[in-house]
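Engineer: Here you go, one structure.
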């Protein structure tokens, strides 16, 4: 399903999008859709990774710093 919407873009971004659309023989709309799907896909991948690591023990910055100092590594 496709819905028309209005988006305000900075002039330079619109120029880049139009040039990229011409170079790739596609529309600005298709290009924006692809960019957004890629961005949300990356977010989804990150969330999945967080889920797989949520049971890992966490270490605070301060405790790691103290440990490295006590081992004379800092």
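Read-outs: derived from the displayed coordinates by stated rules, not from any lab. Not measured: the values here are computed from a predicted model. Positions of Cβ are backbone-derived with ideal geometry, glycine not excepted, and every protein chain shown enters the neighbour counts.
Engineer: Just rank 56, 42, fewest to most, by other beta-carbon atoms within 10 angstrom.
Structural biologist: Values: 56 7, 42 10.
Ranked by crowding around the Cβ, least crowded first: 56, 42.
Engineer: Mark the label point 7 Å from the Cα of residue 50 along Cα→Cβ and return the residues of the range 10-36 whose backbone N is within less than 18 Å of it.
Structural biologist: Within reach of a label on residue 50: no residues.
Engineer: Starting at 0 and stepping by 10 Å, how many percent of the alpha carbon pairs of the chain end up in each bin?
Structural biologist: Pairs per bin, as whole percents: 15, 25, 19, 15, 17, 9, 0.
Engineer: So what's the angle, to the nearest 10 degrees on a 0 to 90 scale, between helix 28-53 and the longest Cα principal axis of the chain?
Structural biologist: Compared with the principal axis, the helix lies near 20 degrees.
Engineer: Sorted by mean Cβ packing within 10 Å, highest first, what order do the peptides 61-70, 26-35 take?
Structural biologist: Details: 61-70: 10.2, 26-35: 13.1.
In descending order of packing, they fall as 26-35, 61-70.
Engineer: For a bin width of 10 Å, list the pair-distance distribution of the range 18-58 built from all Cα-Cα distances, rounded to whole %.
Structural biologist: Result returned by the calculation: 27, 29, 20, 15, 8.
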